[in-house]
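A.B. asks: Would you mind keeping the following structure in view while I ask a few things?
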Amino acid sequence: MSLVSYNLEDHIATITLNRPEAGNAINGALRRELNAAWDRFRDEEDAWVGILTANGDVYCAGVDLKDGEGAVGTFGGTFWEKPTINSFESGMELFKPTIAAVHGPCVGYGLTGVLFCDFVIASTEATFSYREVLLGMPTIVGAIRLPQRVRWAHAMELLLTGQPISAERALEIGLVWKLVEPQDLQAEARKWAQTLTAAAPLAQRATKEVAWRSANMGWIESVRFGETMRRVVGATQDLAEGFRAWREKRKPDWQGR
């Protein structure tokens, strides 16, 4: 049985953690399948929007401590996989829109992956935590990413205590974008993904890349980079189609080219 399922329909790729009997804890096999799924989403031309979700009552219990291949770094004197930036949760360059649909506890490694998504939709039964400090370990990628998403003290609340916060608290501090009832979670994520596919995919990716890269640029460099991206997208078939559709008062037929 696959530990990560990948389903592509109507330009929406749904990536689902599928190890519910272990709380979707990340072991080496699941980690490899998850990385492969994100690589596929990045490279598949027909995949425009991604949804990251999980089967079962636990979204992700974090790293499987019985399997060192599931984590990055060292623990208890055991060497684990070398740090990387080519996996989704560690910061691969991916400019397609992404949505996390979270139900139940979302811990450690799972939360780090969620933080890389553009939109976090959570059920009212979701909780969020980084428990590493309770095991004597530092949180690394989460410590880099979380203060970029929420205010400093809110980030430190999660990172330095190891204690979970509720879905309502996560919404209050801006970690969660939208809160829904558990039975509505998947439908809400799908509905939002469909909304995103109404826009030109290449224009979306260029816009997201400008937003991402310009965070570390000066103003002049940001504008110059943005204008370069405008010229790149200006040469696409989708831009011509967008203007044709506007003139003809119809819905555009985007091709992603």
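A.B. asks: At 1.4 Å probe size, with the rest of the protein present, what percent of the exposed accessible area of segment 201-248 is carbon and sulfur atoms?
C.D. replies: Details: 2060 of 3420 Å².
Of all accessible area on segment 201-248, carbon and sulfur atoms account for 60 percent.
A.B. asks: Can I ask one more? Name the lysines eligible as straight-distance cross-link partners of Lys208: C-alpha to C-alpha under 28 Å, and not fewer than 8 places from it in the same chain.
C.D. replies: Here the lysines satisfying the reach criterion relative to Lys208 are Lys96, Lys178, Lys191, Lys249, Lys251.
A.B. asks: Work out the FRET efficiency for Ala198 and Leu65 from their Cβ-Cβ distance, taking R0 = 41 Å, and round it to the nearest 0.05.
C.D. replies: Approximately 0.45, to the nearest 0.05.
A.B. asks: I would also like to ask the following. Note down the nm distance, to one decimal, between modelled labels 7 Å out along Cα→Cβ at Ala245 and at Lys191.
C.D. replies: Between Ala245 and Lys191, the label points sit 2.2 nm apart.
A.B. asks: Would you mind getting the accessible area per residue of the chain, heavy atoms of the protein chains only, 1.4 Å probe, in Å²?
C.D. replies: Accessible surface, normalised per residue, equals 51 Å².
A.B. asks: Using 0.36 nm times the number of residues separating Arg151 and Glu45, minus their current alpha carbon distance, what extension gain do you get? Can you show the working numbers first?
C.D. replies: Working: separation 106, 0.36 × 106 = 38.16 nm, distance 3.58 nm.
Extra length from Arg151 to Glu45 when fully extended: 34.6 nm.
A.B. asks: In addition: Normalised by the residues of the chain, what does the relative contact order come to in percent, with Cα pairs under 8 Å and at least six apart? Let's see the in-between values first.
C.D. replies: Working: 470 pairs, mean separation 38.2, N = 257.
With pairs under 8 Å counted, the relative contact order is 15 percent.
A.B. asks: Sticking with this one: Mark the label point 7 Å from the Cα of Asp118 along Cα→Cβ and return the residues of segment 213-236 whose backbone N is within less than 14 Å of it.
C.D. replies: 213
A.B. asks: For a paramagnetic label modelled at 7 Å from the Cα of Trp177 toward its Cβ, which residues of segment 27-51 fall within the zone defined by backbone nitrogen distances under 15 Å?
C.D. replies: Within reach of a label on Trp177: 48-51.
A.B. asks: Work out how much length Met1 to Ile220 would gain on full extension: take 0.36 nm times their residue separation and subtract the Cα-Cα distance, in nm to one decimal. Numbers along the way, then the final one.
C.D. replies: Details: separation 219, 0.36 × 219 = 78.84 nm, distance 5.13 nm.
The Met1-Ile220 span can extend by a further 73.7 nm.
A.B. asks: Next question. Tell me, what HN-Hα J-couplings in whole Hz come from the Karplus equation 6.51 cos²θ - 1.76 cosθ + 1.60 at θ = phi - 60° for each residue of segment 116-127, using x for Gly and Pro?
C.D. replies: Karplus-based 3J(HN,Hα) across segment 116-127 equals 7, 7, 6, 10, 10, 10, 10, 7, 5, 9, 6, 9 Hz.
A.B. asks: What are the ³J(HN,Hα) values, in whole Hz, obtained from phi via the Karplus relation 6.51 cos²θ - 1.76 cosθ + 1.60 with θ = phi - 60°, for each residue of segment 7-22 in sequence order, with x given for Gly and Pro?
C.D. replies: Going residue by residue, I get 10, 10, 8, 6, 6, 10, 9, 9, 9, 10, 5, 9, 10, x, 5, 10 Hz, with x marking Gly and Pro.
A.B. asks: With θ set to phi - 60° and the Karplus curve 6.51 cos²θ - 1.76 cosθ + 1.60, what are the ³J(HN,Hα) couplings of segment 197-208 in order, to the nearest whole Hz, using x for Gly and Pro?
C.D. replies: 6, 6, 8, 5, x, 5, 5, 4, 5, 5, 4, 5
The values are calculated or read from the model by the stated rules, or taken from the named source; none is laboratory data. Keep in mind that this is a model prediction, so the values were computed, not measured. Cβ: placed from backbone, ideal geometry, glycine included. Neighbour counts: every protein chain shown. Please note that ligands, DNA and RNA were not included when accessible areas were found on the heavy atoms of the full protein model with its side chains. Shrake-Rupley method; radii C 1.70, N 1.55, O 1.52, S 1.80 Å.
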